[in-house]
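The values are calculated or read from the model by the stated rules, or taken from the named source; none is laboratory data. Just so we're clear, the structure is a prediction, and the values are computed from it rather than from any experiment. Please note: Cβ atoms are built from the backbone with ideal geometry, for glycine as well, and neighbour counts cover all protein chains shown.
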Amino acid sequence: MNSPRLTENLLLSGLSAAARLRLTGDRPPVTLALSEILSEAGARIRHVYFPIDGFISLITPAQGRGQLEIGLVGNEGMLGVPLLLGINVSPLRAMVQGPGRAWRVDAASMQQELAANPGLRAALNRYLYVFLAQLMQTATCTRFHLIEARLARWLLMTRDRAHSNQFHITHEFLALMLGVRRVGVTSAASALQRRKLIRYRRGDISVLDVRGLERAACDCYGIDKKIYARTLGRKHRESGTATTGATLLASRIVSSIACEAPCTVQGTFPSADLGDRPLLS
Ligand SMILES: [Zn+2]
């Protein structure tokens, strides 16, 4: 059964009315269309998005060898985390995977509010930590876990952000999730279907057995959820993020996820300049 339509983004819902007004004004949410590109890798960030009932795929800019989805942003998060680190360029492509609504804030307003509001900064830094943890987990997942278990994980993550057991997801997106060719997608989806965990017809997915799908998924799904609950599921506190180190760490994580040896480092990331310096010093 579908959940009632959501009315809020969880990060914005924790703000004071005054801070909220400075960010979104009295403008209505924008509509996110399926497959809409919200930012390209290497492009300047012009807007930050806080999804309400739409959700967004974050895709590596791997060139020539396909792409890989490495993160999902729904109403638990925001698109545009580099701004939290003082960086106004997106390292990833962002594509709408679930149509719906989102609050849109222009980058300048966001940066002004971040500078003036340490409470907001601390709150969003906590989300940044969760976001980085999701990237790290995806690096492990992509390297070590079986396709069927990885597909179960991504379907559960998508279900959480769609807030529904039924959602539409194209074959292209499934291939992006897994970083494999279509035949691999078909095989993994068929296996989950034979186990009566999902039904998949022309992109329409129905999750038939949530608990069964959780058992079929790799541990990454549960680990992500625990980190989220531990970090954002209670009152925020100051986090004191080391932004420079975090920037380098995020870049290296994203590069390593997309990399399949032999790998040429993508120009979008500053990884080539890292040398042997410690990531967090
Ligand atoms: Zn995994």
Open item on the list: Please count how many residues of the stretch 203-231 are surrounded by fewer than 19 Cβ atoms within 10 Å (Cβ to Cβ) and away from the ligand (no atom under 16 Å from the Cβ).
Closed with: 11
Task: Set R143, R150: member being of a type in the set (D, E, K, R), over 16 Å from L34 (Cα atoms), within 16 Å of the ligand (Cβ to nearest atom) and buried (at least 18 other Cβ atoms within 10 Å of the Cβ) - done: R150
TODO: Working only within the stretch 40-68, note down all residues that are small (G, A, S), surrounded by fewer than 24 Cβ atoms within 10 Å (Cβ to Cβ) and modelled with pLDDT of 90 or more.
DONE: A41, G42, A43
Open item on the list: Are there helices (runs of 4 or more DSSP H) fully within the stretch 123-218 with at least 1 residues that are free of Cβ contacts under 8 Å to residues at least 12 places away in the same chain? List them.
Closed with: 171-178, 182-194, 210-216
- [ ] Test Q112 against the criterion of being part of a helix (DSSP H, G or I), within 16 Å of the ligand (Cβ to nearest atom) and closer than 18 Å to G80 by Cα, and give yes or no.
- [x] no
TODO: State whether one or more residues within the stretch 68-88 are charged (D, E, K, R), without any contact (Cβ under 8 Å) to a residue 60 or more places away in the chain and either outside any strand (DSSP E or B) or within 22 Å of H163 (Cα to Cα) (or both).
DONE: no
- [ ] Answer yes or no as to whether G71 is under 14 Å from P51 (Cβ atoms), buried (at least 19 other Cβ atoms within 10 Å of the Cβ) and within 16 Å of the ligand (Cβ to nearest atom).
- [x] yes
TODO: Considering each of R181, R159, R199 in turn, give the residue that is out of contact with any strand residue (DSSP E or B) (no Cβ under 7 Å at 6 or more places or on another chain) and either more than 28 Å from Y127 (Cβ to Cβ) or buried (at least 18 other Cβ atoms within 10 Å of the Cβ) (or both).
DONE: R181
Task: Residue under evaluation A94, criteria (1) modelled with pLDDT of 95 or more; (2) among the aliphatic types (A, V, I, L, M); (3) in a helix (DSSP H, G or I), criterion not met - done: (3)
- [ ] Please indicate, with yes or no, whether at least one residue in the stretch 178-187 is within 13 Å of the ligand (Cβ to nearest atom) and not aliphatic (A, V, I, L, M).
- [x] yes
